[in-house]
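Undergrad: So that we are looking at the same thing, I have put the structure below in structure tokens.
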Amino acid sequence: MNGNDGVIAIYLAAGLSRRMGMNKLELPWGEKTIGNSVLEKAVKSDLTCTIVVTRRSDRLGWIDGALFQPPLREKWKSVVCPEAEKGQAHSLHWGLHAAMEMGPKGIMVLLADQPLLPLRTINQLIFQYLECRRENINILFLAASFQGIPRPPIIFSPQAVPELLKLEGDEGARQLFKQAKLNGKLVDYENGWDFYDVDTKEEYEILKGGGHEW
């Protein structure tokens, strides 16, 4: 799992699911779970490796058994964030340190609660980001966008890591976009359901009732 030839993903899966009242990653989605959905797509994508950031108590029971078997097992690894309860920024920091040790060309941030995200979107963003690098287009990020708003997945240049490490508590990378601290590029998508995230029981019911399974 050498990142020198491509993009490493940080899969943020250490949230406490406070608004859901239970571990949302374990909730059924299709024949598997919400948490497994994007992870399975990530390991089957053009990503070099996916770093799954979890909290201490997570036994990874939401991950389908097939992902623990070769060759898929070779495409991901888990990292425990001991400070997960302090907020998403701390999980991001642990993922960033693990990713940077692999010498990546880019670091993609993926959320574990976006089960409708298509695999093709992950690959499209990787391709466009690497094309920008090949053409010497200097950007610090390339992000998916819906209605002009950046949304995960987002690929960051390693040069953006110092700014990302300044985030605190529950601050996500969108804080940097609001403050216009990073120059980058947006890739517009027309289907907002692709970026639907599941934080509450009501949102989970909408997901189950909407017929949007991939």
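The values are calculated or read from the model by the stated rules, or taken from the named source; none is laboratory data. Please read all numbers here as calculations on a predicted model, not as lab measurements. Here Cβ is always computed from backbone atoms with ideal geometry, including for glycine, and neighbour counts include all displayed protein chains.
Undergrad: Picking from Val7, Val43, which residue would you name as being touching a Pro at 6+ places or on another chain (Cβ under 7 Å) and either of a type in the set (Gly, Ala, Ser) or modelled with pLDDT of 95 or more (or both)?
TA: On the way: Val43 fails: touching a Pro at 6+ places or on another chain (Cβ under 7 Å).
Just a single option satisfies the conditions, and that option is Val7.
Undergrad: Here is a check on your reading of the model: is Leu119 without any contact (Cβ under 8 Å) to a residue 40 or more places away in the chain, in contact with a helix residue (DSSP H, G or I) (Cβ under 6 Å, 6 or more places away or on another chain), more than 13 Å from Val52 (Cα to Cα) and not aromatic (Phe, Trp, Tyr)?
TA: Numbers: without any contact (Cβ under 8 Å) to a residue 40 or more places away in the chain: no; in contact with a helix residue (DSSP H, G or I) (Cβ under 6 Å, 6 or more places away or on another chain): yes; more than 13 Å from Val52 (Cα to Cα): yes; not aromatic (Phe, Trp, Tyr): yes.
It is false that Leu119 is without any contact (Cβ under 8 Å) to a residue 40 or more places away in the chain, in contact with a helix residue (DSSP H, G or I) (Cβ under 6 Å, 6 or more places away or on another chain), more than 13 Å from Val52 (Cα to Cα) and not aromatic (Phe, Trp, Tyr).
Undergrad: Within the set of pairs 6+ apart or on separate chains, which have a first residue in the stretch 127-143 that is under 16 Å from Leu47 (Cβ atoms), a second that is outside any strand (DSSP E or B) and at pLDDT 95 or above, and C-beta atoms under 7 Å apart?
TA: Qualifying pairs under 7 Å: Leu130/Lys105; Arg133/Lys105; Leu142/Leu125; Leu142/Gln128; Leu142/Tyr129; Leu142/Cys132.
So that you can scan it fast, the table gives a plain yes or no per residue for (1) in contact with a Phe, Trp or Tyr (Cβ under 6 Å, 6 or more places away or on another chain); (2) on the phi > 0 side of the Ramachandran plot; (3) crowded, with 21+ Cβ neighbours inside 10 Å; (4) not basic (Lys, Arg):
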| position | (1), (2), (3), (4) |
| --- | --- |
| Thr50 | yes, no, yes, yes |
| Arg56 | no, no, no, no |
| Gln69 | no, no, no, yes |
| Lys77 | no, no, no, no |
| Lys86 | no, no, no, no |
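Undergrad: Determine which single condition Asn191 fails, assuming it passes every other condition in (1) at pLDDT 80 or above; (2) closer than 25 Å to Ser157 by Cα; (3) surrounded by fewer than 14 Cβ atoms within 10 Å (Cβ to Cβ); (4) under 19 Å from the mean Cα position of the chain (by Cα).
TA: Tallying (1) at pLDDT 80 or above; (2) closer than 25 Å to Ser157 by Cα; (3) surrounded by fewer than 14 Cβ atoms within 10 Å (Cβ to Cβ); (4) under 19 Å from the mean Cα position of the chain (by Cα), Asn191 fails exactly one: (2).
Undergrad: Filter the stretch 115-156 down to the residues that are assigned to a helix (DSSP H, G or I) and among the charged types (D, E, K, R), then identify the one that is surrounded by the most Cβ atoms within 10 Å (Cβ to Cβ). Break it down stepwise before answering.
TA: First, pick out the residues of the stretch 115-156 that are assigned to a helix (DSSP H, G or I): 119-134.
Then keep just the ones that are among the charged types (D, E, K, R); that gives 120, 131, 133-134.
On the way: Arg120: 11, Glu131: 11, Arg133: 14, Arg134: 8.
In this case the residue turns out to be Arg133.
Undergrad: Tell me whether the stretch 29-48 contains one or more residues that are in contact (Cβ under 8 Å) with a residue 24 or more places away in the chain, within 16 Å of the chain's Cα centre (by Cα), within 19 Å of Asp170 (Cα to Cα) and in a loop (DSSP other than H, G, I, E, B).
TA: no
Undergrad: Identify the single condition in (1) buried (at least 19 other Cβ atoms within 10 Å of the Cβ); (2) assigned to a helix (DSSP H, G or I) that Arg73 does not satisfy, given that it satisfies every other one.
TA: (1)
Undergrad: Please verify whether the stretch 90-103 includes one or more residues that are among the aromatic types (Phe, Trp, Tyr), in contact with a Leu (Cβ under 9 Å, 6 or more places away or on another chain), modelled with pLDDT of 95 or more and under 27 Å from Arg55 (Cα atoms). Spell out the reasoning first.
TA: Initial filter on the stretch 90-103 (among the aromatic types (Phe, Trp, Tyr)): 94.
Narrowing the set further to residues that are in contact with a Leu (Cβ under 9 Å, 6 or more places away or on another chain) leaves none.
Scanning the stretch 90-103, I find no residue that is among the aromatic types (Phe, Trp, Tyr), in contact with a Leu (Cβ under 9 Å, 6 or more places away or on another chain), modelled with pLDDT of 95 or more and under 27 Å from Arg55 (Cα atoms), so the answer is no.
Undergrad: Would you pick out the residues in the stretch 54-78 that are of a type in the set (Ser, Thr, Tyr) and more than 19 Å from the chain's Cα centre (by Cα)? Can you show your working first?
TA: Residues of the stretch 54-78 of a type in the set (Ser, Thr, Tyr): 54, 57, 78.
Answer for the stretch 54-78, where residues must be of a type in the set (Ser, Thr, Tyr) and more than 19 Å from the chain's Cα centre (by Cα): just Ser57.
Undergrad: Still on this structure, I have one more. State yes or no: is Leu25 in contact (Cβ under 8 Å) with a residue 12 or more places away in the chain and within 24 Å of Tyr129 (Cβ to Cβ)? Don't jump to the end; show me each part of the working.
TA: Values: in contact (Cβ under 8 Å) with a residue 12 or more places away in the chain: yes; within 24 Å of Tyr129 (Cβ to Cβ): no.
No; evaluated as a whole, the condition is false for this residue.
Undergrad: Here's a check for you: in the stretch 194-214, which residue that is exposed (fewer than 12 other Cβ atoms within 10 Å of the Cβ) and over 27 Å from Leu125 (Cα atoms) is modelled with the lowest pLDDT? Walk me through how you get there before you give the answer.
TA: Here is the first cut: in the stretch 194-214, the residues exposed (fewer than 12 other Cβ atoms within 10 Å of the Cβ) are 202, 205, 209-211.
Now restrict to residues that are over 27 Å from Leu125 (Cα atoms): 202, 205, 209.
Values: Glu202: 91, Glu205: 92, Gly209: 83.
Looking at the filtered set, the residue picked out is Gly209.
Undergrad: List, please: which pairs have Cβ atoms under 6 Å, are six or more places apart or on different chains, and start with a residue in the stretch 52-77 that is of a type in the set (A, V, I, L, M, F, W, C) and end with one that is surrounded by fewer than 19 Cβ atoms within 10 Å (Cβ to Cβ)?
TA: Val52/Ser78; Val53/Val79; Trp62/Glu26
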